[in-house]
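Heads up, the thing below is written out as structure tokens.
Please treat every number below as a calculation from the coordinates, not as lab data. None of the values given here were measured: they were computed from a predicted structure. Cβ coordinates were reconstructed from backbone atoms using ideal geometry, including for glycine residues, and neighbour counts include every protein chain displayed.
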Amino acid sequence: MSVLELRITDAVAYVLGIWFVFKLLKHGLVRWHGGVQTTSLRGPPSQSLLFGLTRIIRESDDASLLMEQWISHYGPVFRVPDVMGSSRVVVADPKAVTHFYAKETFGYVKTSLSKAFIKQLFGRGLLWAEGESHRRQRKALSPAFSNAAIRKLTSVFYNSSYKLKDNWDAILDSSAEDGAVIDVQKCLDSIGIAGFGHDFGSLDGKVPSVVRVFETLNTGSSTLSLFIFMLGPILPFLLKLPTSDSRQWSELHATMEEIADDLLKRTRKEHEELLSEKEEEKSIIALLIKAESTDTQLGMSQEEVLAQNTLLLAGYETTSISLTWALIELARKPEKQQKLREELSRFSTADPTWEQLVSELPYLDSIVHEVLRLHPPVTVTNAVAAEDDIIPLSTPLVTATGEIVSSIVVRKGTIISAPIRAINRSTAFWGPNAKEFEPERWLVDSDVPAKQFQGHRHILTFSDGPRICLGRHFALAEFKAALSVLIRNYTFELLDGPETKIEQHRSVLPRPKVAGQTGAKVPMRVTRVAC
């Protein structure tokens with residue numbers, strides 16, 4: 001740690017001391033004056049007065065396993081010790097989860113840390129907005145993600161996928177062996193081109209600034225950064241302290257804003273040309289321009305349109321991560337890879353249409369949803385109660401005082417967490433093989449308890465309620481189109497076989513990596529499918 005960081009840490013320690021005394025006084029006043037109190041819940045004991053269980057959860061190889069253990073021991077709603085003696089409530093009960101998501105943007109809002117982080121990095125767009133602002137922006141953006149809009153973009157999905165194919169074919173042509181080793185996590189151009197009309201250039205050997213920053217970003221890379229990450233939920237001003245991470249965040253923000261601004265300028269010009277020629281746009285950015293120019297109460301300001309570069313993160317990162325996981329799982333189980341290839345074999349001379357991608361390829365659909373169930377890019381939803389609330393429960397719960405309750409009281413200011421990954425992979429909801437890659441589960445109409453959840457196809461990967469992912473159908477269509485091109489043309493093998501160890505690479509969103517590799521690399525042996 002540098003001398004500067006040591007001095008900053010000392011200053012933060014003094015600030016925390018003052019804050020802690022204030023917190024104790026405030027807590028005493030609250031108890032003295034009474035008022036609504038959050039139901040006393042059972043939960044795992046704290047391991048640190050300063051950090052609670054935050055550090056243990058963060059440093060766990062798979063925090064969802066910890067959550068599932070605690071759910072089994074304490075029930076589907078429990079308390080987790082947080083920083084500085086505070087705690088949060090974790091909800092995994094179906095009725096509680098549904099209630100929580102249904103009241104997002106009004107009854108439950110982003111934590112102060114999340115708000116500060118999103119505003120600093122992305123601006124005040126849809127991801128940042130709450131309440132009426134969120135409703136207005138979402139409604140203005142909806143036409144860009146309608147089925148009609150996605151249908152028009154299908155050819156763009158395929159064009160970007162075939163650019164990737166051309167690149168891989170060139171690599172295979174120059175290989176002296178049967179096949180070549182390729183880092184498949186570089187399937188990024190298909191994401192960039194399809195959604196934004198922007199080619200990030202990674203297939204042409206370039207290292208664009210946005211890719212470089214995403215790849216190197218590693219939250220909590222220094223002692224001070226870890227300190228800030230742990231205490232940020234209660235002290236969001238710590239985000240403004242100068243650290244290596246904060247400099248990377250600033251670089252990422254500047255890079256994304258520069259790309260978004262350039263895209264907007266180019267698309268405005270193209271939009272004007274298309275209007276004069278009466279042609280249709282095939283870009284999400286172009287449809288955002290329409291939202292900006294709409295002279296109604298739903299119209300978005302230029303700042304809001306620019307802030308929608310959050311779509312760059314959502315599309316560029318999440319679909320790439322999901323595609324990589326799909327190839328990993330199919331390489332682990334080559335018989336399922338072959339089964340998918342056989343389903344797609346009738347498309348030897350033409351690509352599936354949008355309608356066929358949606359409803360005529362059941363095994364492709366099953367694989368896509370199984371990947372999204374097992375490997376949600378966003379693993380947890382955190383929000384703070386904007387008002388006192390009563391959360392209903394599906395099954396009675398035993399509280400810390402031994403009382404049996406059918407609902408819990410939540411005090412305003414309480415942080416609520418919905419553990420998406422833990423719920424998606426829970427044996428209690430998905431059966432004994434919940435942690436296995438089994439696409440066939442989607443082909444049978446089984447009465448699994450997971451059907452109590454109301455998210456997309458009963459998984460929480462796309463969230464739920466007012467904040468359910470607006471671009472989910474866009475993402476599914478692009479995922480299916482890209483995967484169909486890859487599986488029809490190539491076979492994929494992990495270098496050390498199906499048992500190759502896959503680890504998590506910490507970044508803006510966790511990415512898979514082959515153990516021992518530097519960075520988020522997933523090298524595979526790629527071979528052409530025999531004609």
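Using 23 Å as the Cα-Cα cut-off, could you pick out the over-long pairs in Lys103/Lys451; Lys435/Lys501; Lys139/Lys451; Lys163/Lys265?
Beyond 23 Å between Cα atoms: Lys139/Lys451; Lys163/Lys265.
Could you compute the FRET efficiency for Ser394 and His253, with r as their C-beta to C-beta distance and R0 at 45 Å, rounded to 0.05?
Values: r = 41 Å, r/R0 = 0.92.
So, using R0 = 45 Å, E works out to roughly 0.65.
Which listed residue (Ile420, Thr399, Thr500) has the Cα farthest towards the positive end of the charge dipole for segment 355-501, taking +1 on Lys and Arg C-beta and -1 on Asp and Glu C-beta about the Cα centre?
Farthest towards the positive end: Thr399.
What number comes out for the charge environment of Val90, summing +1 per Lys or Arg and -1 per Asp or Glu over other residues with Cβ under 12 Å away?
Surrounding charge for Val90 is 0.
Can you list the residues, at least 5 places off or on another chain, whose amide H is less than 5 Å from the amide H of Ser394, using H built in the peptide plane?
Lys95, Ala96
Can you compute the FRET efficiency between Val36 and Asp445 using 1/(1 + (r/R0)^6), with r the Cβ-Cβ distance and R0 = 51 Å? Round to the nearest 0.05.
0.75
Considering Cα pairs under 8 angstrom that are at least six residues apart, work out the relative contact order of segment 414-474 and quote it in whole percent. Numbers along the way, then the final one.
Numbers: 44 pairs, mean separation 14.7, N = 61.
So the answer I get is 24 percent.
Quick one: Karplus J couplings for segment 511-525, per residue in order, coefficients 6.51, -1.76, 1.60, θ = phi - 60°, nearest Hz, x for Gly and Pro?
Those phi angles translate into 10, x, 8, 6, 3, x, 7, 8, x, 7, 10, 10, x, 9, 8 Hz.
Could you pull out every residue, at least 5 positions away or on a different chain, whose amide H is within less than 5 Å of the one on Leu41? Hs are placed 1.01 Å off N in the peptide plane, and Pro or chain starts have none.
Those lying under 5 Å, H to H, from Leu41 are Ala400.
In nm, to one decimal, how far is the modelled label at Ser142 from the one at Ser72, with both set 7 Å along Cα→Cβ?
Here the answer is 4.3 nm between the modelled labels.
Give a residue-ordered list of calculated ³J(HN,Hα) values for segment 155-164 (Karplus: 6.51 cos²θ - 1.76 cosθ + 1.60, θ = phi - 60°; whole Hz; x for Gly, Pro).
Each residue of segment 155-164 in turn: 5, 5, 4, 5, 4, 5, 5, 6, 5, 4 Hz.
Would you calculate the separation in nanometres between label points at Gln452 and Val378, each defined as 7 Å from the Cα along the Cα-to-beta-carbon direction?
2.4 nm
Run the simple label-point estimate for Lys115 and Ala170 please: 7 Å along Cα→C-beta, distance reported in nm.
Spacing of the two 7 Å Cα→Cβ label points: 4.9 nm.
So if I place +1 on the C-beta of Lys and Arg and -1 on the C-beta of Asp and Glu, and nothing else carries charge, what would the dipole magnitude of segment 430-495 be about its Cα centre? I want it in debye, nearest 20.
With only Lys, Arg, Asp and Glu charged at Cβ, the dipole is about 260 debye.
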